[in-house]
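Have a look at the structure below before the remarks.
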Amino acid sequence: MAAMDSLTDVRGLQVGHAQRTGHGWLTGTTVVLAPEGGAVAAADVRGGGPGTRETDALDPRNLVQRVEAVVLTGGSAFGLDAASGVMTWLEARQRGFPVGDQPTRVVPVVPAACLFDLGRGGDWLARPDAEMGREAAEDAQGDVVLQGNVGAGTGAVAGGLKGGLGSASVRLPSGATVAALAAVNAAGAVCHPESGALYGELGCADTVPPAAEQHAEAQRRLADAREETERRSTASVRPPLNTTLAVVATDADLNRAQAQKLAGTAHDGLARAVRPVHLLNDGDTVFTLATGAQPVSGPQLNEVLAAGADVLTRAVVRGVLSARSVDGPGGVFLSYGELYARS
């Protein structure tokens, strides 16, 4: 693990959140700001129902070399408007792709992806907008990364449980740091149906599955919550729509093709923690940011690729464990921590 065990262990990155809860709201936006001058970026979209913006610009064959920010947001495709607010915030600071001979003439390229949380607070029209994006960008200060029911994790639900935002990091023997941030909002399950053990912890030496009696009680409560949610919900969408979003970052000096590979291998970590994954009802998307401060070569690059999957698994687990139950007009969403007395 690195110092804070979160995304900001990659020096120069900052994470900000904005969210609304209550009065029909249960949604939010998370912004990851790169260091000034940007970071090499890539994206790998594997879900069947993605909602994205500017991901084509990240193709290694295309013009833009670096980006200043990545946005993860609730609100389904409506929520992508949050990226406009981040663009405006960056433009005011003269950060973006230069398109003229004056420093004010920049076009910030802000890749974004959305998850589905419409109506979970009770109001179908309560969704992130440009103002929420600006708030999240303004909030991106310091090294602490809040987790749980914040930002894009505010309205997240994972396999019927309350999902949330989680982060993790590792420092490799080469000196490179690899970290992940995940908004866990999956159609698939995050825990085993027969034992209640978190998929992302299976195989860990210190994992102790919940007792059979505790699991049975948790399943009963969860079934009751789902029935009550059906009764209250204004978001009774069939089939359920979800999406897990992630940013995997490193200070390794990656080129654009290598960053693209890291985004792809990181999906393996998502597949370890969510089952099934990458469904037609998901829009699972992983972004990569590489700041380039740490040289890597040969086997060290493979270590970075493998670590991307490992830290994303842990980020998903931490997002689930950090989430807190929500009981509102849009439904009852019980957390894993409450059901199994874990935090």
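Hey, what number do you get for the chain at 222 nm if only DSSP H runs of n ≥ 4 count, each worth -39500 (n - 2.57), divided across all residues, to the nearest 500? Mind dumping the intermediate values first?
On the way: 6 runs with 89 residues, N = 343.
So the helix-based figure for the chain works out to -8500 deg cm²/dmol.
Net charge around VAL190, counting only other residues with Cβ within less than 12 Å of its Cβ (Lys, Arg = +1; Asp, Glu = -1)?
In short, +3.
Once fully extended, how much extra length lies between THR207 and GLU91, figured as 0.36 nm per residue of separation less the alpha-carbon to alpha-carbon distance?
37.0 nm
What is the local net charge at ARG93, summed over the other residues whose Cβ is closer than 10 Å to its Cβ (Lys, Arg +1; Asp, Glu -1)?
Net charge around ARG93: -2.
Using the heavy atoms of the protein chains alone and a 1.4 angstrom probe, what is the accessible area of region 31-78 per residue in square angstrom? Walk me through the numbers before you get to the answer.
Values: 1970 Å² over 48 residues.
With all protein chains present, region 31-78 gives 41 Å² per residue.
Packing-wise, with mean Cβ within 10 Å as the measure, how do 151-157, 335-341, 189-195 rank, highest first?
Highest-to-lowest ranking by the protection proxy: 151-157, 335-341, 189-195.
Over the Cα atoms of region 10-94, compute the convex hull volume and normalise it per residue, giving Å³.
Considering the Cα atoms of region 10-94, their hull volume per residue is 122 Å³.
Accessible area per residue for region 181-285 in Å², computed with a 1.4 Å probe and the full protein assembly in place, what is it?
Heavy-atom SASA per residue in region 181-285 reads 44 Å².
Mind jotting down the three principal axis lengths of region 202-343 based on Cα atoms? Whole angstrom, largest first.
That works out to 54, 36, 22 Å along the principal axes.
May I ask you to compute the full-extension gain from GLU36 to ASP268, defined as 0.36 nm times their residue separation minus their alpha-carbon distance, rounded to one decimal in nm?
80.5 nm
Exposed loop trypsin sites (Lys or Arg not before Pro) only (DSSP loop, at most 15 other Cβ atoms within 10 Å): please give the longest stretch of the chain free of them, not including the sites.
The reported range is 106-323.
Dividing the convex hull volume of the alpha carbon atoms of region 7-336 by its residue count, what do you get in Å³ per residue?
116
Can you check what the net charge comes to around TYR336, using other residues whose Cβ is under 9 Å from the Cβ of TYR336 (Lys, Arg +1; Asp, Glu -1)?
So the surrounding residues net to +1.
If you take all C-alpha pairs in region 166-257, what percent of them are over 17 Å apart?
Roughly 70 percent, rounded to a whole number.
The values are calculated or read from the model by the stated rules, or taken from the named source; none is laboratory data. Nothing here was measured: the structure is a model prediction, and the numbers come from that model. All Cβ positions, even for glycine, are placed from backbone atoms using ideal geometry, and neighbour counts span all protein chains on display. When the accessible area is computed, the model is the full protein with side chains, heavy atoms only, and any ligands, DNA or RNA have been set aside. Shrake-Rupley method; radii C 1.70, N 1.55, O 1.52, S 1.80 Å.
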